[in-house]
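The block underneath contains the structure these notes are about, expressed in structure tokens.
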């Protein structure tokens, strides 16, 4: 039915048809945008549930002298497309306070322990994708530490709680079956117990945090 008004030919049916066409076009455009946004999210989300990984530093541990004897293995589970919980087992050896900055004082004899520390630990971490491959991660690791003399003989044992706040970027490679994740971290260890007195003297010279620690994680998803 056509309705015409005297003050100009006002075709109500034509207006309704145009309005209906505009609404349908708008809905199609919105649906298309939503699908594209979903594709972008899927491109960068954690697509598979399980991940096995480690730090690239581990592969170079035999080439250092003295060797840090660094070995790590982590298992992660993606609880949502953007959230991951992981667990790790780790062991390593170090010869001086962890708070020493990189530079002339790092690993110098006058700032080192009269021996070393052999640490064995297990930890838990939470990772969140923020934008595309950009992520943030919180991690806490409990270590049993064996304090050893210069002959690698155990003196006594203690406990350390080592915490990490990390930010990095998650790259998918090899048809998304593998990833690499360069990152930087701030680390701090509020609990560090039962050091021998000679070790504690060196430990007290430096803070119980490190502000800029680089990392490069790699792993496989399945």
Return a yes/no flag: does region 120-136 have any residue that is out of contact with any strand residue (DSSP E or B) (no Cβ under 9 Å at 6 or more places or on another chain) and assigned to a loop (DSSP other than H, G, I, E, B). no
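Listed here are the residues, each with its yes/no results for (1) modelled with pLDDT of 95 or more; (2) surrounded by fewer than 19 Cβ atoms within 10 Å (Cβ to Cβ); (3) under 16 Å from residue 66 (Cα atoms); (4) assigned by TED's automatic domain parsing to the domain that holds residue 82.
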position: 103; (1), (2), (3), (4): no, yes, no, yes
position: 106; (1), (2), (3), (4): no, yes, yes, yes
position: 111; (1), (2), (3), (4): no, yes, yes, yes
position: 116; (1), (2), (3), (4): yes, no, yes, yes
position: 125; (1), (2), (3), (4): yes, yes, no, yes
position: 130; (1), (2), (3), (4): no, yes, no, yes
position: 137; (1), (2), (3), (4): yes, no, no, yes
position: 140; (1), (2), (3), (4): yes, yes, no, yes
position: 144; (1), (2), (3), (4): yes, yes, no, yes
What's the number of the condition residue 212 fails, among (1) in a strand (DSSP E or B); (2) surrounded by 12 or more Cβ atoms within 10 Å (Cβ to Cβ)? (2)
Restrict the check to region 119-140 and report whether at least one residue is in contact (Cβ under 8 Å) with a residue 60 or more places away in the chain, at negative phi and in contact with a helix residue (DSSP H, G or I) (Cβ under 6 Å, 6 or more places away or on another chain). yes
Would you be able to say whether some residue in region 9-26 is over 26 Å from residue 136 (Cβ atoms), at pLDDT below 95, loosely packed, with under 10 Cβ neighbours inside 10 Å and not assigned by TED's automatic domain parsing to the domain that holds residue 182? yes
Residue check for residue 155: over 20 Å from residue 73 (Cα atoms) and surrounded by fewer than 14 Cβ atoms within 10 Å (Cβ to Cβ): no
Out of (1) surrounded by 13 or more Cβ atoms within 10 Å (Cβ to Cβ); (2) more than 19 Å from residue 59 (Cβ to Cβ); (3) modelled with pLDDT of 95 or more, what's the single condition that is false for residue 190? (1)
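The values are calculated or read from the model by the stated rules, or taken from the named source; none is laboratory data. Since the structure is predicted, the reported quantities are computational estimates derived from the model, not experimental observations. Cβ atoms come from the backbone with ideal geometry, glycine included; neighbour counts cover every protein chain shown.
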